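For reference, the structure is listed below as structure tokens.
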Amino acid sequence: AHYNKICEQLGLSLVGFYQGQQGFIDNSTTGDHADKMDEGGGKAHLQWQPSEPFRLDVMADYQYPRQNGFPYGEMSNDGDTREPCSNRQGDYRRHALTTGLAMSYRGEKAELGYVASWQYLNDDMLMDIDYRPQDYMHMEQAQLQNAITQELTLKNRTQGVWHRTTGVFLGYQALKTVAPVHFDPEMNSFLSKTIEDYAYYGMLNAMAQRMGREAAAAMIERAGGCHISMVIDPIPGHFRTPQTNWGVFHQSDINITPRLTATLGLRYDNSHTSIDYYTAGRMMLNENVMGTQVQATVSSILKHEEKSTFGQWLPKAGLTFRLDGKGSNVYAVVAKGYRSGGFNIQMFSDILQTEMQSKAQTARGDMVLEHTDTDYSNMRETIAFKPEESWNYEGGTHLNIFGGTTQFDLALFYMQIRNQQLSVMAGNYGFGRMMVNAGRSYSCGIEASLRGQAIDNHLAWALSYGFTHAAFKEYEDSISVDGTQQAVSFKDKHVPYVPEHTLAARADYRFDLKGAVSSIVVGANLTLQGKTYWDNANTTAQKAYALLGAHADAIMGIATVSLWASNLTNTHYNTFATESPMAGTTNYYAQRGRPFQAGIDVSLHF
């Protein structure tokens with residue numbers, strides 16, 4: 001990094017970086033390091049202040065990561081996770097450029113601010129969807145995104161009881177996604193067997209009513225048996241999903257008394273989202289049923305455009321009471337939260353495959369599936385997800401105690417959530433993840449933290465704890481049991497991926513010395529997280545686990561040498577887990593956390 005004050009009014013900073021790791025997790029099938037990663041990039045920041053009231057900032061940030069992604073291994077019932085064994089090594093690459101412009105003018109009575117940004121994203125992904133050594137399925141995904149945001153705010157700077165902020169926001173995102181799904185030999189064999197069994201047992205059961213099951217089976221065999229094979233071509237996916245957002249907002253802070261301040265705010269958010277999709281499927285069948293040879297091709301094309309507009313008023317109200325002139329206070333706030341709805345794109349291959357397989361069971365020749373307006377209307381209901389709404393209630397305090405050497409923060413919160421957006425595996429075969437809505441859920445908990453200095457600022461320490469209880473109040477879904485769909489309720493189940501407990505503690509002590517080494521800092525840290533559920537039914541979870549680390553730093557003028565270690569107890573844990581219902585069986589796959597590590601860092605400051 002380089003920081004340069006070119007003149008009194010102009011400053012420039014330039015930063016370049018690279019980081020990489022060979023990886024800790026091996027793919028037992030390919031022999032690659034499943035979590036190998038390289039990343040490089042740079043940042044630039046130009047700041048210009050030609051006069052006291054005016055300031056201009058221009059920023060740019062570029063990053064390019066390339067990594068072997070998705071190091072998921074099969075997870076047993078007791079939470080033990082094997083090494084990844086997919087026959088294709090996952091890969092992810094991304095070019096990301098973010099630029100920003102910020103201008104402000106501070107007048108005597110008001111301050112005007114303007115912020116604009118442009119984000120460019122170009123990424124490529126390869127993923128073995130089934131996570132297995134067998135060659136079932138894999139997908140590719142390439143995205144090209146351009147996003148522009150602008151915000152204009154006006155704040156008053158006059159003394160008095162009323163302080164106000166008013167603003168307007170505008171954003172536009174253009175996103176193009178190309179995501180073909182490939183059906184590999186093992187998957188085609190599995191689907192062939194499924195269709196073959198359907199045809200064979202359909203004939204067998206019908207004939208058994210007249211002549212008995214054994215005689216029927218023998219007659220089918222003498223006539224040539226039932227043999228069906230099929231191949232599904234790669235399913236292309238071309239999606240354009242532009243989105244426009246705009247909003248207006250106002251917040252007033254009113255000093256009711258010298259210590260009591262009321263906050264009233266209101267924001268209106270409007271988002272318009274659309275999807276323009278094209279995808280197609282072709283299934284080729286070769287049947288020999290009781291001596292009758294049939295070759296058939298079932299084709300389907302889905303091409304349509306859908307649009308949705310969402311609008312929401314978001315009020316906010318709060319009270320803050322200042323306990324002293326050093327920043328201590330107690331507060332209470334209530335606000336409405338909102339996340340816009342949209343359309344899923346990763347489930348179209350599941351829709352096409354299910355549709356073609358259903359028609360292939362009775363196909364006797366080439367068949368092109370037609371789709372009516374009613375079909376597309378039903379498909380809209382399948383791919384769309386609703387906005388998420390929440391009411392958030394929070395109360396707490398911030399205290400500066402023991403002469404300002406210690407800070408204490410405490411917050412209690414409760415959230416009522418409607419149509420909570422959840423990421424789940426898509427459809428019957430889990431060809432990708434999609435967003436769905438839970439009916440109603442809630443989240444409540446507590447967050448507390450202590451931090452401070454002691455022994456003439458030689459000892460620095462911090463302790464924080466959080467407890468969260470997140471559960472469904474109303475949420476019903478359907479699951480497949482022995483080939484039939486059955487309704488299931490997740491009422492009172494924990495919301496997945498939300499840890500119940502989080503704890504962090506650290507302490508550093510500095511020894512001041514004389515000579516080449518000016519000081520030595522030794523410290524330790526502890527983090528705890530869990531229990532975390534991995535599915536809506538709460539059948540699998542990561543138990544609470546703790547990670548212990550330590551370090552010792554020697555500070556020598558412009559150089560700092562640090563010896564460090566993390567996960568000293570070599571705790572085994574999973575950072576993420578997901579289910580995969582591939583090939584008719586549901587298994588869980590997880591990514592293991594990093595094991596014990598130790599290293600030396602050298603930093604130069606000049």
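The values are calculated or read from the model by the stated rules, or taken from the named source; none is laboratory data. All values derive from a computational prediction rather than experimental measurement. Reconstructed Cβ throughout: ideal geometry from the backbone, glycine too, with neighbour counts over all protein chains shown. Accessible surface is based on the protein model in full, side chains and every heavy atom, while ligands, DNA and RNA are left aside. Shrake-Rupley method; radii C 1.70, N 1.55, O 1.52, S 1.80 Å.
Brief remarks on what is shown
- Taken residue by residue, segment 548-555 has no member that is in contact with a strand residue (DSSP E or B) (Cβ under 6 Å, 6 or more places away or on another chain), at pLDDT below 95 and of a type in the set (D, E, K, R).
- Residue match in segment 1-21 (condition: open to solvent by less than 50 Å² (accessible area, probe 1.4 Å) and outside any strand (DSSP E or B)): no
- Flag for Met415 being crowded, with 17+ Cβ neighbours inside 10 Å, of a type in the set (A, V, I, L, M, F, W, C) and at pLDDT 85 or above: yes
- Selection count, segment 166-188, where residues are open to solvent by 40 Å² or more (accessible area, probe 1.4 Å) and either more than 19 Å from Ser117 (Cα to Cα) or in contact with a Phe, Trp or Tyr (Cβ under 7 Å, 6 or more places away or on another chain) (or both): 7
- Among (1) surrounded by fewer than 17 Cβ atoms within 10 Å (Cβ to Cβ); (2) within 23 Å of Phe596 (Cα to Cα), the one test that Asp553 misses: (1)
- Pairs, first under 24 Å from Thr273 (Cα atoms) in segment 168-195, second of a type in the set (A, V, I, L, M, F, W, C) and assigned to a helix (DSSP H, G or I), C-beta under 9 Å, six or more apart: Ala179/Phe348
- Selection from segment 561-596 of residues that are open to solvent by 30 Å² or more (accessible area, probe 1.4 Å), assigned to a strand (DSSP E or B) and at pLDDT 95 or above: Val561, Leu563, Trp564, Ser566
- Members of segment 198-241 found to be over 30 Å from Ile275 (Cβ atoms), open to solvent by 30 Å² or more (accessible area, probe 1.4 Å) and in contact (Cβ under 8 Å) with a residue 60 or more places away in the chain, listed by number: Tyr198, Met203, Ala223, Gly224, His227
- All of (1) modelled with pLDDT of 90 or more; (2) open to solvent by 40 Å² or more (accessible area, probe 1.4 Å); (3) farther than 30 Å from Ser349 by Cβ; (4) not acidic (Asp, Glu) hold for Leu604 with one exception: (1).
- Residues located in segment 375-395, provided they are buried (at least 16 other Cβ atoms within 10 Å of the Cβ) and either on the phi > 0 side of the Ramachandran plot or over 23 Å from the mean Cα position of the chain (by Cα) (or both): Met379, Glu394, Gly395
- For Arg267, the requirement of being farther than 26 Å from Met347 by Cβ, of a type in the set (Lys, Arg) and over 39 Å from the mean Cα position of the chain (by Cα) is not met.
- For segment 293-313, filtered to residues that are open to solvent by less than 30 Å² (accessible area, probe 1.4 Å) and touching a Ser or Thr at 6+ places or on another chain (Cβ under 7 Å), the residue that is farthest from Met139 (Cα to Cα) is Ser308.
- Filter pass, Thr382 being modelled with pLDDT under 90, assigned to a helix (DSSP H, G or I), β-branched (Val, Ile, Thr) and within 27 Å of Asp233 (Cα to Cα): yes
- Subset of segment 497-526 (residues that are open to solvent by 70 Å² or more (accessible area, probe 1.4 Å) and assigned to a loop (DSSP other than H, G, I, E, B)): Tyr497, Leu513, Lys514, Ala516
- Once segment 58-106 is narrowed to residues that are assigned to a strand (DSSP E or B) and among the small types (Gly, Ala, Ser), the residue that is nearest to Asp35 (Cα to Cα) is Gly73.
- Listed by position, the strands (runs of 3 or more DSSP E) inside segment 182-288 whose residues that are in contact with a helix residue (DSSP H, G or I) (Cβ under 6 Å, 6 or more places away or on another chain) and closer than 30 Å to Thr585 by Cα number at least 3 are 226-232.
- Selection of segment 314-355 for residues being over 31 Å from the mean Cα position of the chain (by Cα) and either surrounded by 15 or more Cβ atoms within 10 Å (Cβ to Cβ) or in a strand (DSSP E or B) (or both) yields Leu319, Thr320, Phe321, Arg322, Ser328, Asn329, Val330, Tyr331.
- If the condition is being surrounded by fewer than 15 Cβ atoms within 10 Å (Cβ to Cβ) and under 24 Å from Glu447 (Cα atoms), then segment 532-545 contributes only Lys543.
- Taking the numbered list (1) charged (D, E, K, R); (2) more than 25 Å from Gln143 (Cα to Cα); (3) under 23 Å from the mean Cα position of the chain (by Cα) in turn, Arg94 passes all entries but (2).
- Thr374 part of a loop (DSSP other than H, G, I, E, B), out of contact with any Asp or Glu (no Cβ under 6 Å at 6 or more places or on another chain) and over 30 Å from Lys326 (Cβ atoms): no
- Residue match in segment 121-143 (condition: open to solvent by 70 Å² or more (accessible area, probe 1.4 Å) and under 24 Å from Val58 (Cα atoms)): no
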